[in-house]
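The values are calculated or read from the model by the stated rules, or taken from the named source; none is laboratory data. Note that the structure is a prediction, hence the values are computed from the model and not measured. Glycine also receives a Cβ, built like all others from the backbone with ideal geometry; neighbour counts cover every protein chain displayed. We work out accessible area using only protein heavy atoms, side chains counted, and drop any ligands, DNA or RNA first. Shrake-Rupley method; radii C 1.70, N 1.55, O 1.52, S 1.80 Å.
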Amino acid sequence: QVQIVESGGGLVQAGGSLRLSCAASGRTFSSYAMGWFRQGPGKERDFAAAISEISSSTYYADSVKGRFTISRDNAKNTVYLQMNSLKPEDTAVYYCAVRLGTLRVGVRDYDYWGQGTQVTVSS
């Protein structure tokens with residue numbers, strides 16, 4: 001079982017920045033691919049960004065490419081999502097997820113999920 005705790009959400013004005021953090025348990029954190037997903041009001045949960053086990057590969061949804069950066073610190077069992085130039089349409093609950101395998105971008109590809117953290121971007 002992998003425990004996941006997200007933090008760093010909040011309220012920010014359009015154009016602002018936030019950094020989300022995700023701490024995951026497990027002695028084999030460096031073997032997990034990690035992903036960030038988001039679910040806006042009345043919408044399905046969608047992929048935002050993912051990073052491979054040793055940070056050699058990252059992948060972004062077109063809607064966040066160039067504005068969001070995913071990174072990880074395996075020594076701290078933590079993955080980050082730096083979000084810049086935020087827009088009101090980025091408003092969502094952001095979820096961190098663990099995949100016990102190589103990088104994938106589908107919601108169903110991930111094995112463990114955090115409880116989510118709310119990000120609200122005001123116009």
Kindly list, by first and then second residue, each pair from a residue in the stretch 65-77 that is on the phi > 0 side of the Ramachandran plot to a residue that is assigned to a strand (DSSP E or B) and at pLDDT 95 or above, limited to pairs with Cβ atoms under 7 Å and residues at least 6 apart or on different chains. N77/A23
Can you name the residue in the stretch 87-102 that is in a strand (DSSP E or B) and of a type in the set (V, I, T) and, of all such residues, is nearest to A23 (Cα to Cα)? V98
Subset of the stretch 60-83 [at pLDDT 95 or above and part of a loop (DSSP other than H, G, I, E, B)]: A61, D62, S63, V64, K65, G66, R67
If a residue has to be on the phi < 0 side of the Ramachandran plot, surrounded by 12 or more Cβ atoms within 10 Å (Cβ to Cβ) and either of a type in the set (D, E) or part of a loop (DSSP other than H, G, I, E, B) (or both) to count, how many in the stretch 41-59 make the cut? 4
Check off (1) part of a helix (DSSP H, G or I); (2) touching a helix residue (DSSP H, G or I) at 6+ places or on another chain (Cβ under 6 Å) for V121 and give me the number that stays unchecked. (1)
Quick one: what pairs do we get from the stretch 32-57, first residue under 11 Å from Y94 (Cβ atoms), second modelled with pLDDT under 95 and open to solvent by 50 Å² or more (accessible area, probe 1.4 Å), C-beta under 6 Å, 6+ apart or different chains? none
Can you find, within the stretch 60-69, the residue that is least open to solvent (accessible area, probe 1.4 Å) among those that are among the hydroxyl-bearing types (S, T, Y) and under 11 Å from the mean Cα position of the chain (by Cα)? Y60
Which of the residues belonging to the stretch 1-40 are crowded, with 16+ Cβ neighbours inside 10 Å and not in a strand (DSSP E or B)? V2, G8, G9, G26, F29, Y32
